[in-house]
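Peer 1: Before we start, here is the structure in question, set down as structure tokens.
The values are calculated or read from the model by the stated rules, or taken from the named source; none is laboratory data. These numbers come from a predicted model, not from an experiment. All Cβ positions, even for glycine, are placed from backbone atoms using ideal geometry, and neighbour counts span all protein chains on display. All accessible areas refer to the heavy atoms of the entire protein, side chains included, with ligands and DNA or RNA removed. Shrake-Rupley method; radii C 1.70, N 1.55, O 1.52, S 1.80 Å.
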Amino acid sequence: MKTKIYAGISLILILVMAFPVFAKTTKRKATRTAQPNTATMQRSGSREMLIKNATIMTASHGTIKNGSILVRDGKIAAVGANVNSTDSNAVVIDATGKYVTPGIIDCHSHTAVEGSVNEGSLSVTSMVRIQDVIDPYAVNVYRELAGGLVTCNVLHGSANAIGGQNAVIKLKKGKPVDEWFIKDALPGIKFALGENPKRSNSNAIIPGQQRRYPGTRMGVEEVIREAFIRAKEYMRDWQEYEAAKGKDPNAVAPRRDLQLEALVEILQGKRLLHSHCYRADEIQMLLELGDELGFKVTTLQHVLEGYKVAKEIAAHGTGGSTFSDWWAYKLEAYDAIPYNAAIMTNKGVVVSINSDSDEHARRLYLEAAKTMKYGGLTEEQALRTITLNPAMQLKIDKRTGSIDVGKDADFAIFNGHPFSVYSRVEMTIIEGEVYFDRQKDLEMREAIKKEKEELKKKERETRGTTPVGRPQPTTPMPNDEEIIDGHHHPEDGGAK
């Protein structure tokens, strides 16, 4: 049955990509409600889109009732109560009764990664790059768009003390993958502390074979310290070479080391450091290690005991990207509380709510709502945990994360308040282009259903004249080792 379901999903995705998503062809007048899409805008000859009569939750300067947003060339040109377009061909979305929020941002994602997210063979793998294995055909991309998700911080797994380089992408499904990367986003890297890098719960520990170092929390710390000591020596060698080569034509450049280059970039402030962690003592350890060696921790990921050391986290200018109310899925995740996000926020930490899960990522707006129940964050503070705050953590808040003039036109349009369990996303827009439209989605479902019936009819008519198909592969059920951090992480058998 599961094989059939997955086959059906694959068929749907193929048709989704082949279906002319931007299908309407005629020019539309500004006075008419349009189903906006790239084709519509191109054929109308307009560079503008107007979203009108909406409740606009800006995430930066409150909520605007019965407001409008003018988009021009993919950027927000105006937002307010009395905004209109002077272009008679502009595409217009009548959002009466609907809510518009900034496009949702997930600061901890593993979506669209081809193969395993863990290069777990070494404890330091700072040379590997997630950006080289982004799969633009991943099924979850469309599902996440249907949940209003626009931007993801796609991270390496947490099997290593120092993992691989991340990628910050927008889910521009249907576009070449090179267009997914946010060009001016600073590069980053994933570190990890605790049970995952010391392989406490991994099936990678094979009886009779030597265990990979480190096997303790103090070993994890030593791995990071030793790597940065080498990186500082490597950086000094290059600085000395650069100083000498102008005077000495025989100066020899140091041998290039891709593993250390990424760490040097951290020391130079050119690469962001995102570290998986849970326990307060380890959080404190990493912050102090940064002080000792001269690096800054940009965000602490998961950080379930952040509430215990929120003051220290804030003092370092480090962000916290956590879960709303997920814990107790392993020993180091037991002493967590759902008030964590609110307490850290009130102590001055920039906090985001992340998914760490392709399924969880589809409903981040409901996860954000929990911060109002647990800890009493305001509506705008809660919204910021999935919009402006992750943008700040990723250093892309100048271009996205809130509905302000000059920023990218990234929106999620809901049919009701986004924090209500009865609401759903009607439309997801990235840089002024529609990447999910619920009405189009419903039409596609009917078209696919009709095609399926036609194919079944054709099969019945030709049955007995065609060869028997090959047996279909079965889908294995996840084992205990694949249930990590409260989520199912298939394929790698390790941790994220």
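Peer 1: Being surrounded by fewer than 19 Cβ atoms within 10 Å (Cβ to Cβ), part of a strand (DSSP E or B) and in contact with a Ser or Thr (Cβ under 6 Å, 6 or more places away or on another chain) is true for just one of 65, 52. Which residue is that?
Peer 2: The conditions single out 65.
Peer 1: Tell me the strands (runs of 3 or more DSSP E) entirely within region 123-171 that contain at least 1 residues that are over 30 Å from residue 200 (Cβ atoms) and of a type in the set (Val, Ile, Thr).
Peer 2: Once the strands (runs of 3 or more DSSP E) in region 123-171 are filtered for at least 1 residues that are over 30 Å from residue 200 (Cβ atoms) and of a type in the set (Val, Ile, Thr), what remains is 149-154, 167-170.
Peer 1: Pull up region 261-310, narrow it to residues that are polar (S, T, N, Q) and under 14 Å from residue 190 (Cα atoms), then point me to the one that is surrounded by the fewest Cβ atoms within 10 Å (Cβ to Cβ).
Peer 2: Here the residue is 298.
Peer 1: Determine if region 181-188 includes at least one residue that is in contact with a helix residue (DSSP H, G or I) (Cβ under 6 Å, 6 or more places away or on another chain) and either at pLDDT 95 or above or open to solvent by 10 Å² or more (accessible area, probe 1.4 Å) (or both).
Peer 2: No, because not a single residue in region 181-188 is in contact with a helix residue (DSSP H, G or I) (Cβ under 6 Å, 6 or more places away or on another chain) and either at pLDDT 95 or above or open to solvent by 10 Å² or more (accessible area, probe 1.4 Å) (or both).
Peer 1: Looking at the structure I just gave you, is residue 432 open to solvent by less than 20 Å² (accessible area, probe 1.4 Å), small (Gly, Ala, Ser) and within 19 Å of residue 181 (Cα to Cα)?
Peer 2: Judged against the criteria, residue 432 is a match.
Peer 1: Same structure again: So which residues in region 317-331 are under 21 Å from residue 190 (Cβ atoms) and more than 24 Å from the chain's Cα centre (by Cα)?
Peer 2: Within region 317-331, none qualify.
Peer 1: Which members of region 346-379 meet the condition of being open to solvent by less than 50 Å² (accessible area, probe 1.4 Å) and assigned to a helix (DSSP H, G or I)?
Peer 2: Passing the criteria: 360, 361, 364, 365, 366, 367, 368, 369, 371.
Peer 1: Is it true that some residue in region 406-416 is in contact with a His (Cβ under 8 Å, 6 or more places away or on another chain) and open to solvent by less than 10 Å² (accessible area, probe 1.4 Å)?
Peer 2: no
Peer 1: Okay, next question. Which residues, taken from region 80-113, are β-branched (Val, Ile, Thr) and within 16 Å of residue 429 (Cα to Cα)?
Peer 2: 91, 92, 93, 100, 101, 104, 105, listed by residue number.
Peer 1: Let me ask another. Out of region 237-260, which residues are open to solvent by 50 Å² or more (accessible area, probe 1.4 Å), under 21 Å from residue 227 (Cβ atoms) and either touching a strand residue (DSSP E or B) at 6+ places or on another chain (Cβ under 7 Å) or without any contact (Cβ under 8 Å) to a residue 12 or more places away in the chain (or both)?
Peer 2: Passing the criteria: 239, 240, 255, 256.
Peer 1: Any chance you could count how many residues in region 380-405 are open to solvent by 10 Å² or more (accessible area, probe 1.4 Å) and of a type in the set (A, V, I, L, M, F, W, C)?
Peer 2: Final tally of qualifying residues: 3.
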